[in-house]
Structure formats: structure tokens, C-alpha cells
1. Work out the FRET efficiency for residue 112 and residue 264 from their Cβ-Cβ distance, taking R0 = 35 Å, and round it to the nearest 0.05.
2. Assuming R0 = 22 Å, can you tell me the calculated FRET efficiency for the pair residue 271 and residue 230, based on Cβ-Cβ distance, to the nearest 0.05?
3. How big is Rg to Rh over the chain, alpha-carbon atoms, Rh as the Kirkwood inverse-mean-distance radius?
4. Using alpha carbons only, how many degrees (0 to 90, rounded to 10) separate the axis of helix 193-203 from the longest principal axis of the chain?
5. Just want to confirm a number: the relative contact order over the stretch 27-120, from Cα pairs under 8 angstrom separated by 6+ residues, in percent.
6. What full-extension length gain, to one decimal in nm, is calculated for residue 130 and residue 223 as 0.36 nm per residue of separation minus the Cα-Cα distance?
7. With all protein chains present, how much of the accessible area of the chain (probe radius 1.4 Å) comes from carbon and sulfur, to the nearest whole percent?
8. Using alpha-carbon pairs under 8 Å, 6+ residues apart, how would you state the relative contact order of the chain in percent?
Amino acid sequence: MVGQGAADRVRARVGAAIFERVAGPRGPERRRVINEAGERMFAEDRPIRRVHGDSSMFIGGIRALLLQSLHPLAMAAVAGHSGYRGDPWGRLQRTSYFLAVTTFGRTGDAQEAIDRVRAIHERVTGTAPDGRPYAASDPRLLTWVHIAEADSFLRAHSRFGARPLDQAERDGYVADLALIGAALGVPEPPRTEAELAERIAEYRRELAATAQAREAARFLLLNPPLPLVARPPYGLLAAAAVSLLPWWARWHLRLPLVPVAEAAVVRPAGHALVHAIRWATTAPPATPAA
């Protein structure tokens, strides 16, 4: 029992550290908001809750950022307005809250978060390095960001999730996320996995590795703003994310394709690390009364 108590204390400390980093200083307040009683956008049995509540989202999030960076106009908007280099943790915390409140929170709170993001998008405009104008509210760019996230979260959960979805559930996840995408202004978001794959293929001719995209990849993969002790586990998450990218995305970003090493080392290590995060961020089971 002493050993179990020590393990539970370690679990609590590590879980609290992860929560603080991902949720930020407003994390406890936001958790209370999300847990308030009321009507939700998604019922408890919906696939989106299983995917977004799993630790594989850490890998899916990194993959999504890498994939999104390949659209030059989307990347220009991120580079010019998101503050991903100056305030990367703030961006992570805002994104994690948006995903949490729209997936698990009350309908009114979810709609408030969606309205806030739409208002921000209306103010994000500029000119890309190649001279083309961009606007974050452009339906074409909104769609790319949406499908890159949907594909990344789904693939990460399929490879590293605790309970992978069957085909009907995978389609259900895409349909669930489509509700959020449509609310954000995405026109006719895909609602099945097959439609998602088709939509991504349609964007291939628009994608390229700009200098901004390669700089973002270096920042995400090689120079994350982390203490030295956290770099090795983050490196495993990043390697797992890269392993899930399609070959053409790796080619654009000049990322190596080493299938043998990925199968033998990266995937098992990724599974182990995601399991450890899941263990740390899940409350231990209640001890039966003596």
C-alpha cells in the first residue's frame, strides 16, 4: 500500500504539471466551466469525445500543425498573427480550451468560444511572402485547417489511442467535427472518412514547403520552448507525429522516411509515452473501503 500511495502521488504531480502546461493559469477555472451542468453539443457516447479525450491528441496536434503549414496562405496567417514563436504555450492553451469546451462543454459556452474565434478570424488579414493576399476567414483556408486537424486527430487516435474506433465510429468522428467546422464557417465540411481523404487530395496542388513552413517545422521538431528534461519525451511525440505524415508532406518539409526505424522504435516508444501521459492525467481508481 505504501508503494501504491507513492505511485499515486507521482501520478498526481505529473498529471498536474501536464495540466498546468496545457491548460495554463486559467485551467482550473476553465475546467469548472466545462464541467457545469447543462446541454452539450455532443452526447457522451459520441466518437468526438473518445478521440479528443485521449492522450493521442498530443501527437495529433503536432501532426496537424505540420500539415497545416504546407498551405502557403494558411502558414502566412499563422506566421503573421498567431504568435506561435513568441507565445507558443499561450497558443496551445487557447487551442486546448477551444477543443475542450466545444467537445465537452455546455452548448452556450461552446458557441461563445466559436463566436470568439470567428471574430478573431475576421481581423486576420495580410499579404503572404509571394505577394498573394490572405484572410483567415477565407472559406478555402478554413477548410484546409479543418481537414488537416480532422485527419491528424483521427490518424493519431487510430495508431496511438486507447480504444481505436471502428469504421462507423471513424465516420461518426468526422461528422461530429464537421458540426464545429460548419459553425466556424467551413462550407460543406466532410462528414465521412472517405470524404475527408478526397478533400485533402483536392488540396495537394496548392501545397508547398515555403521558408515559413520549414521554419515552423524546425521550431516544432528541433527547438521547442521546453526545459532540457522535457525534450526527450517531446522528441518522441514529435517523431510519432512525423511518422503519421503522408510521404508527400514529408517530401515538402524535407523530413526523412525511415519505415523500419519507425516500426521498430518510434511507434512502440510513442505508444509507451502516450500510455504514460494517459496514466498521469487520469485519476487513479478509488480504493475500496476496508
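The values are calculated or read from the model by the stated rules, or taken from the named source; none is laboratory data. Note that this is a predicted model, so its numbers are computed, not measured. Neighbour counts run over all protein chains shown; Cβ positions are idealised from the backbone, glycine included. For the accessible areas, the whole protein counts, side chains as well, though only heavy atoms, and no ligand, DNA or RNA atoms are used. Shrake-Rupley method; radii C 1.70, N 1.55, O 1.52, S 1.80 Å.
1. In this case the efficiency is close to 0.15.
2. It comes to 0.70.
3. Reported Rg/Rh, Kirkwood definition of Rh: 0.96.
4. Computed tilt is about 40 degrees.
5. Over the stretch 27-120, the number comes to 46 percent.
6. Working it through step by step, the gained length comes to 30.9 nm.
7. 59
8. This gives 27 percent for the chain.
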